[in-house]
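Worksheet for the structure shown next.
Values in this text are rule-based calculations from the coordinates and carry no lab data. Predicted model, so just to flag it, every value in this text is computed and none were measured. Quick reminder, even Gly has a Cβ in these numbers, built from the backbone with ideal geometry, and neighbours come from all protein chains shown.
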Amino acid sequence: MKNWGFKISQPRVLDLDNADLDMYNKLIEKVPSAHRCLMCGGCTATCSANEHTNFNFRNCHLMFRRGQFDGLADELDKCMLCGKCKLVCPRGVNTRAIIYNMRIVLSDMNYKKIES
Ligand code: SF4
Ligand code: SF4
């Protein structure tokens, strides 16, 4: 087969019937403002951690919302909980609380080993 130097990306189809949305509902109970996020990315544009890592709150929030937890706990560890993203959010989303509570939920689910 001829090598064209590029390939077609695999489609990322979300199977909402099998997505675990229970965890996101738990998060909404703790941080109701999470519902208001429109995934604009403004928080990521100003993120302190994003200046030094590839941390992306919008992606993490979207993964959690979709029930895609693999690797998420490690990603969330890159956030310093400084709260700068919360200040710029046009929708008044409590981003810091979302990150904090996503960490707790993932720990409860043993998606990350809790260090003693
Ligand atoms: S948390 Fe706010 S700034 Fe960040 S993507 Fe959602 S709406 Fe935009
Ligand atoms: S709280 Fe986390 S996500 Fe928000 S600006 Fe600070 S490092 Fe970035």
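Details
- For the chain, CYS37, CYS40, CYS47, CYS60, CYS79, CYS82, CYS89 have no disulfide-compatible partner, since no other Cys C-beta lies under 4.7 Å from theirs.
- Per-peptide packing, taken as the mean over residues of other Cβ atoms within 10 Å, places 42-50, 84-92 in the sequence 42-50, 84-92 from highest down.
- Taken along the Cα-to-beta-carbon direction at a fixed 7 Å, the label points for CYS82 and ASN54 span 2.1 nm.
- For the chain, the 222 nm mean residue ellipticity estimated from helices alone, with every DSSP H stretch of n ≥ 4 adding -39500 (n - 2.57) and the total spread over all residues, rounds to -11000 deg cm²/dmol.
- Across the stretch 19-98, the volume of the C-alpha convex hull divided among the residues equals 80 Å³ per residue.
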